[in-house]
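To start, the structure under review is shown below, and the notes come after it.
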């Protein structure tokens with residue numbers, strides 16, 4: 001660094017350090033996975049345009065829940081029968097759940113996950 005003033009060298013090194021930190025932070029931050037992790041309760045089903053009465057099902061002791069774990073596995077409990085699979089956040093508002101090789105996207109809005117397949121829409125609320 002012959003001919004350069006110590007102040008100029010410090011400024012250049014500081015800029016390089018700041019740039020490197022910015023690249024590192026951009027590369028490892030911003031994961032939206034935590035939005036999806038947790039227990040989700042099925043709170044609504046619309047099948048072929050008809051809304052099911054979830055409170056009536058709950059009155060008979062029927063509960064439906066889904067747990068998305070930090071390790072990107074999930075389990076879904078339907079009437080006591082538990083199935084498992086994996087999940088992946090596609091964006092801050094879309095998660096793909098895969099069970100038995102079949103992927104299913106769910107859309108996040110606030111604390112609600114919505115899945116649609118054919119004429120059926122299922123709504124899960126984070127509990």
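The values are calculated or read from the model by the stated rules, or taken from the named source; none is laboratory data. The structure presented is a predicted model; accordingly, all values stated were derived computationally and were not measured. Here Cβ is always computed from backbone atoms with ideal geometry, including for glycine, and neighbour counts include all displayed protein chains.
Within the stretch 34-91, the set of residues being on the phi > 0 side of the Ramachandran plot, modelled with pLDDT of 95 or more and outside any strand (DSSP E or B) comprises just one member, 72.
For residue 57, are the conditions met, namely being free of Cβ contacts under 8 Å to residues at least 12 places away in the same chain and surrounded by 15 or more Cβ atoms within 10 Å (Cβ to Cβ)?
yes
Would you check which residues across the stretch 38-54 are without any contact (Cβ under 8 Å) to a residue 24 or more places away in the chain and within 25 Å of the chain's Cα centre (by Cα) and list them? Quick ask: steps written out before the conclusion?
Looking only at the stretch 38-54, we keep the residues that are without any contact (Cβ under 8 Å) to a residue 24 or more places away in the chain, and these are 50-54.
Within the stretch 38-54, 54 is the sole residue that qualifies.
May I ask you to list the residues in the stretch 75-94 that are in contact with a strand residue (DSSP E or B) (Cβ under 7 Å, 6 or more places away or on another chain) and within 19 Å of residue 109 (Cβ to Cβ)? Can you show your working first?
Just the residues of the stretch 75-94 that are in contact with a strand residue (DSSP E or B) (Cβ under 7 Å, 6 or more places away or on another chain), to begin with: 75-78, 82-90, 93-94.
Hits for the stretch 75-94 are 87, 88, 89, 90, 93, 94.
State which residue is farthest from residue 64 (Cα to Cα) when the search covers only the stretch 114-127 and only residues that are surrounded by 15 or more Cβ atoms within 10 Å (Cβ to Cβ) and in contact (Cβ under 8 Å) with a residue 60 or more places away in the chain. Looking at residues that are surrounded by 15 or more Cβ atoms within 10 Å (Cβ to Cβ) and in contact (Cβ under 8 Å) with a residue 60 or more places away in the chain, I get 121.
If a residue must be in a strand (DSSP E or B) and exposed (fewer than 15 other Cβ atoms within 10 Å of the Cβ), how many such residues does the stretch 101-113 contain? Walk me through how you get there before you give the answer.
Kept after step one, since they are in a strand (DSSP E or B), are these residues of the stretch 101-113: 102-109, 112-113.
Among the residues that remain, those that are also exposed (fewer than 15 other Cβ atoms within 10 Å of the Cβ) are: 102-103, 105, 107, 109.
Result for the stretch 101-113: 5.
Among what's in the stretch 66-92 and is in contact (Cβ under 8 Å) with a residue 40 or more places away in the chain and surrounded by 14 or more Cβ atoms within 10 Å (Cβ to Cβ), pick the residue that is farthest from residue 40 (Cα to Cα). Looking at residues that are in contact (Cβ under 8 Å) with a residue 40 or more places away in the chain and surrounded by 14 or more Cβ atoms within 10 Å (Cβ to Cβ), I get 89.
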